[in-house]
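A.B. asks: The structure follows.
The values are calculated or read from the model by the stated rules, or taken from the named source; none is laboratory data. Note that this is a predicted model, so its numbers are computed, not measured. So basically every Cβ, Gly included, is an ideal-geometry build from the backbone, and we count neighbours across all protein chains shown. Heads up: the accessible areas ignore ligands, DNA and RNA and are worked out on the full protein's heavy atoms, side chains in. Shrake-Rupley method; radii C 1.70, N 1.55, O 1.52, S 1.80 Å.
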Protein chains: 2
Amino acid sequence: MNTLVTHTLTAIETPAAIIDVGRMQNNIARMQDRMTMLGVKFRPHVKTAKCIEVAQLQKDAGATGITVSTLKEAEQFFAAGFTDILYAVCIAPNKLPQAAALIAKGCSLKVLVDSIDAARAVATYGQANTVKFEVWIEIDTDGHRSGVKPDSDTLILIGRELANSSTSATLGGVMTHAGGSYALNTPESLAAMAEQERSRCVRAAVRLRDAGLACPNVSVGSTPTALSATALDGVTEVRAGVYVFFDLVMANVGVCSIEDVALSVLTTVIGHQADKGWVIVDAGWMAMSRDRGTQSQSVDYGYGQVCDLQGNPIEGYCLSGANQEHGIMSKSGGQNNDPNFHIVKIFPVGMQFLVLPNHACATGAQFPAYQARNFDGSIETWPRFYGW
Amino acid sequence: MNTLVTHTLTAIETPAAIIDVGRMQNNIARMQDRMTMLGVKFRPHVKTAKCIEVAQLQKDAGATGITVSTLKEAEQFFAAGFTDILYAVCIAPNKLPQAAALIAKGCSLKVLVDSIDAARAVATYGQANTVKFEVWIEIDTDGHRSGVKPDSDTLILIGRELANSSTSATLGGVMTHAGGSYALNTPESLAAMAEQERSRCVRAAVRLRDAGLACPNVSVGSTPTALSATALDGVTEVRAGVYVFFDLVMANVGVCSIEDVALSVLTTVIGHQADKGWVIVDAGWMAMSRDRGTQSQSVDYGYGQVCDLQGNPIEGYCLSGANQEHGIMSKSGGQNNDPNFHIVKIFPVGMQFLVLPNHACATGAQFPAYQARNFDGSIETWPRFYGW
């Protein structure tokens, strides 16, 4: 699907994280068009790429604000001109000074809570330090992680706690993430999960409003549900992250094809164990990450699907094993027994491949920078950051 | 086992990678004393910590040279004054200019090959660029990854290829890594693997010498075999990496106790799902890494063993699940049913823990720096590097 000149790849030190910009732009456009059609704002989760250049393309396509998973991300993106930021992890009290510092600089930062204790900690800190926090409440719509139940008393109590502290806190909305969608793999089950995510989050907003509490924002999303929802009544915005690159886990979930995966790891052959049908490459788990998300899915790709330098899968070849800086590339279902097939000659020392990852968020995190491969084959280095 | 003052931990932003310097110094001394007793040099593998301060303590204890897994490590450690460096991954031809640049600067860098093609690529590059490489040959002593068989014709052919290129290459020795030892867990099987690693690597050196080829160095090692070998006749040096921190995988292998693990992740409680017995903390897989090495071992610690701030395990509590920035802490074997046990009160929002990792090499890699906690409770920031 791409028409990139590939010879410039060979100048890159391996292993390297390669972004296929054409594929990524298609992924960005697909999601944004869908959100526009559904009549909601879109707030991409920038934790996947942690890269200003990627987020700028999402913004250019129409995204409204961003979602972050750490205050480091909030700081980095705010410094790059992104001001509307949802920190989508319930805030620990020890992070309030850092959040307050961002707000003081003019960042429209929204923080999250899912307990009365956390709401009180935010309000108390705000009062003591003369800062007003916009607080969103996390709703649990699928039982997979955090959040309060939409029908719980706690939901209303948190809302009242914030309303009672109106000088230091304001209720900005409710948000949920149906991460349970990652375990599904049929259009019907995904659509049902999307509707569950929507209806339960809207239910929470309605209950808050019925209790006399303003709840302007209703935010839902995960890549699988965002791409499976058919109506989003009552929702004001959707969030998704990994769609920007997609990965093998998402291909198994069924919301993209292998040909949509825009992040890969460039690797070089360093040796063989010919009797076992092994090609040893210089992308181990330090490059691919230890994420083996496809292990429990319909197709297990090991540590990654091997592709040629045009990004076309080499049928059956995966990284079947990985040490820190060694990957073992082999053919699933056993080695090729054709007497004319000599693995050392067909995949010689020095040959290069692209390896598609299980989980783009985890693989990207292993690299200080991406090599972004443009339509014309030119390659730009796009930094990414990490840590907290 | 330690007597550290802990209150200074609470000033650190979470999640954070904490080194217990006392435990680490014990681990360093234990290994070095053992190598001295066995009459061999010790060349620590610095890929575990990627930290100058840690390597300096290993050197101070008596280490001779270092082992690296990337040329980035070689460059960083050479810049910090480490000159005797074994790059213990077979070199890809595209990395030869980078290796040559280090040698030109005065680094005593040893590169590795396990094929005639790679040996030829090194020799050819050396001739064309007037650089002489010290080349070691990787020996496969346990079938787990790379290397040539000690009894293979290829071994001798590689040696001759190097000897025929004496202006650009010199054979420095043989090395092996019995990574298969990670799958063992009895003293007897570990001692047998150590002897297998030793005898097969020495066998390779003897065959090269019998063919008229000098082979001055015989290098073996992995943390489990280094700590299980009882005699190392014919070996000149041992390498090991993860022993410096140890981890839960090594505890399951049986070469350390939980109380020896010197790396942990400091985390803060951010919420609960009380009905499920879940405590939600701010260390997810981005902090712990996706490494689940204990999954296939005798004790599965999930994403990590939870400890108090003194580093004492809280019996039965592990990170049973992890998302990118969320960890789910729960009690193995089901939740506590004592009616007086209220998880929200016992582990309240804001409380902090240390979490011991499955695999120290993978967990350390998630952090830009370590927080090194000294005997007196003071904490220093020690940078670490990543990438290639």
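A.B. asks: So residue B:115 ticks every box in (1) within 14 Å of chain A (Cβ to nearest Cβ); (2) more than 27 Å from residue B:64 (Cα to Cα); (3) surrounded by fewer than 23 Cβ atoms within 10 Å (Cβ to Cβ); (4) not β-branched (Val, Ile, Thr) but one. Which box is left unticked?
C.D. replies: Going through the list (1) within 14 Å of chain A (Cβ to nearest Cβ); (2) more than 27 Å from residue B:64 (Cα to Cα); (3) surrounded by fewer than 23 Cβ atoms within 10 Å (Cβ to Cβ); (4) not β-branched (Val, Ile, Thr), residue B:115 breaks only (3).
A.B. asks: Just to check your reading of the model, which residue among B:124, B:170, B:130 is open to solvent by 50 Å² or more (accessible area, probe 1.4 Å), modelled with pLDDT of 95 or more and touching a Lys or Arg at 6+ places or on another chain (Cβ under 8 Å)?
C.D. replies: Working: B:124 fails: touching a Lys or Arg at 6+ places or on another chain (Cβ under 8 Å); B:130 fails: touching a Lys or Arg at 6+ places or on another chain (Cβ under 8 Å).
That would be B:170, the only listed residue that is open to solvent by 50 Å² or more (accessible area, probe 1.4 Å), modelled with pLDDT of 95 or more and touching a Lys or Arg at 6+ places or on another chain (Cβ under 8 Å).
A.B. asks: If the requirement is being touching a helix residue (DSSP H, G or I) at 6+ places or on another chain (Cβ under 7 Å) and among the hydrophobic types (A, V, I, L, M, F, W, C), which of these qualifies: A:255, A:281, A:269?
C.D. replies: Numbers: A:281 fails: touching a helix residue (DSSP H, G or I) at 6+ places or on another chain (Cβ under 7 Å); A:269 fails: touching a helix residue (DSSP H, G or I) at 6+ places or on another chain (Cβ under 7 Å).
Just one listed residue meets the conditions, A:255.
A.B. asks: Which of the residues belonging to the range B:214-234 are among the polar types (S, T, N, Q), under 19 Å from residue B:155 (Cβ atoms) and more than 18 Å from the chain's Cα centre (by Cα)?
C.D. replies: Result: B:217, single match.
A.B. asks: Please tell me if residue A:95 is at pLDDT 95 or above, open to solvent by less than 50 Å² (accessible area, probe 1.4 Å) and within 14 Å of chain B (Cβ to nearest Cβ).
C.D. replies: Values: at pLDDT 95 or above: yes; open to solvent by less than 50 Å² (accessible area, probe 1.4 Å): yes; within 14 Å of chain B (Cβ to nearest Cβ): yes.
Yes; evaluated as a whole, the condition is true for this residue.
A.B. asks: Is it true that some residue in the range B:70-87 is at pLDDT below 95 and open to solvent by less than 10 Å² (accessible area, probe 1.4 Å)?
C.D. replies: Going through the range B:70-87, the residues at pLDDT below 95 turn out to be none.
For the range B:70-87, residues at pLDDT below 95 and open to solvent by less than 10 Å² (accessible area, probe 1.4 Å): absent.
A.B. asks: Please enumerate the residues belonging to the range A:289-304 that are in contact with a helix residue (DSSP H, G or I) (Cβ under 6 Å, 6 or more places away or on another chain) and either within 14 Å of chain B (Cβ to nearest Cβ) or within 30 Å of residue B:360 (Cβ to Cβ) (or both).
C.D. replies: A:289, A:290, A:291, A:293, A:294, A:297, A:300, A:301, A:303, A:304
A.B. asks: Another one. Which pairs do you get when a residue that is within 14 Å of chain A (Cβ to nearest Cβ), found in the range B:53-76, comes within reach of a residue that is open to solvent by less than 40 Å² (accessible area, probe 1.4 Å) and of a type in the set (S, T, N, Q), reach meaning Cβ atoms under 6 angstrom, with the pair 6+ apart or on two chains?
C.D. replies: Correct list of pairs: B:69/A:324; B:71/B:98.
Residues are listed down the side, and each one gets a yes or a no for (1) touching a residue at least 24 places away in the same chain (Cβ under 8 Å); (2) touching a His at 6+ places or on another chain (Cβ under 8 Å); (3) over 24 Å from residue B:65 (Cβ atoms); (4) in a loop (DSSP other than H, G, I, E, B):
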residue: B:145; (1), (2), (3), (4): yes, yes, no, yes
residue: B:177; (1), (2), (3), (4): yes, no, no, yes
residue: B:181; (1), (2), (3), (4): yes, no, no, no
residue: B:192; (1), (2), (3), (4): no, no, yes, no
residue: B:196; (1), (2), (3), (4): yes, no, yes, no
residue: B:201; (1), (2), (3), (4): yes, no, no, no
residue: B:208; (1), (2), (3), (4): yes, no, no, no
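A.B. asks: Considering only residues of the range A:270-287 that are buried (at least 23 other Cβ atoms within 10 Å of the Cβ) and more than 9 Å from every other protein chain (Cβ to nearest Cβ), which is farthest from residue A:179 (Cα to Cα)?
C.D. replies: A:279
A.B. asks: OK, next. Give me the pairs: first residue in the range A:216-237 and open to solvent by less than 10 Å² (accessible area, probe 1.4 Å), second residue of a type in the set (Gly, Ala, Ser) and part of a helix (DSSP H, G or I), beta-carbon distance under 7 Å, and six or more apart or on different chains, which are they?
C.D. replies: Every condition considered, the pairs that remain are A:218/A:205; A:222/A:179; A:222/A:181; A:224/A:181; A:225/A:181; A:225/A:194; A:229/A:194.
A.B. asks: Might you check whether a residue that is within 14 Å of another protein chain (Cβ to nearest Cβ) and either in a loop (DSSP other than H, G, I, E, B) or open to solvent by 10 Å² or more (accessible area, probe 1.4 Å) (or both) occurs anywhere in the range B:260-269? Full working, then the answer.
C.D. replies: Our first condition is that a residue be within 14 Å of another protein chain (Cβ to nearest Cβ); within the range B:260-269, this holds for B:265-269.
Right, trim to either in a loop (DSSP other than H, G, I, E, B) or open to solvent by 10 Å² or more (accessible area, probe 1.4 Å) (or both) and you get none.
No, the range B:260-269 has no match at all.
A.B. asks: So which residues in the range B:288-314 are part of a helix (DSSP H, G or I) and open to solvent by 10 Å² or more (accessible area, probe 1.4 Å)? Let's see the steps before the verdict.
C.D. replies: Of the range B:288-314, the ones part of a helix (DSSP H, G or I) are B:288, B:293-296.
Result: B:293, B:295, B:296.
A.B. asks: Right, another one. Go through the range A:18-31 and give me each residue that's over 21 Å from residue B:97 (Cβ atoms) and either of a type outside the set (S, T, N, Q) or surrounded by 19 or more Cβ atoms within 10 Å (Cβ to Cβ) (or both). Give the derivation first.
C.D. replies: From the range A:18-31, those over 21 Å from residue B:97 (Cβ atoms) are A:19-31; that's our starting set.
Within the range A:18-31, A:19, A:20, A:21, A:22, A:23, A:24, A:27, A:28, A:29, A:30, A:31 qualify.
A.B. asks: So residue A:37 fits all but one of (1) within 19 Å of residue A:218 (Cα to Cα); (2) more than 10 Å from chain B (Cβ to nearest Cβ); (3) touching a residue at least 12 places away in the same chain (Cβ under 8 Å); what number is the exception?
C.D. replies: It fails just one condition, (3).
A.B. asks: Can I ask one more? Confirm whether residue A:289 is modelled with pLDDT under 95 and touching a Phe, Trp or Tyr at 6+ places or on another chain (Cβ under 9 Å).
C.D. replies: Values: modelled with pLDDT under 95: no; touching a Phe, Trp or Tyr at 6+ places or on another chain (Cβ under 9 Å): yes.
No; evaluated as a whole, the condition is false for this residue.
A.B. asks: Moving on to the next point. Could you count how many residues in the range B:129-142 are farther than 23 Å from residue B:74 by Cα and more than 8 Å from chain A (Cβ to nearest Cβ)?
C.D. replies: Filtering the range B:129-142 for residues farther than 23 Å from residue B:74 by Cα gives B:140-142.
With more than 8 Å from chain A (Cβ to nearest Cβ) added as a condition, the list becomes B:141-142.
Within the range B:129-142, residues that are farther than 23 Å from residue B:74 by Cα and more than 8 Å from chain A (Cβ to nearest Cβ) number 2.
A.B. asks: Just the residues that are more than 12 Å from chain B (Cβ to nearest Cβ) and among the aliphatic types (A, V, I, L, M), please, taken from the range A:316-329.
C.D. replies: A:319, A:329
A.B. asks: Name every residue in the range A:190-215 that is within 27 Å of residue A:46 (Cβ to Cβ), open to solvent by 10 Å² or more (accessible area, probe 1.4 Å) and touching an Asp or Glu at 6+ places or on another chain (Cβ under 9 Å), in order of residue number. Spell out the reasoning first.
C.D. replies: So the first thing to find is which residues in the range A:190-215 are within 27 Å of residue A:46 (Cβ to Cβ), and the list is A:190-191, A:193-198, A:200-202, A:204-205, A:215.
Narrowing the set further to residues that are open to solvent by 10 Å² or more (accessible area, probe 1.4 Å) leaves A:191, A:193, A:195-196, A:198, A:200, A:202.
Passing the criteria: A:193, A:196, A:198, A:200, A:202.
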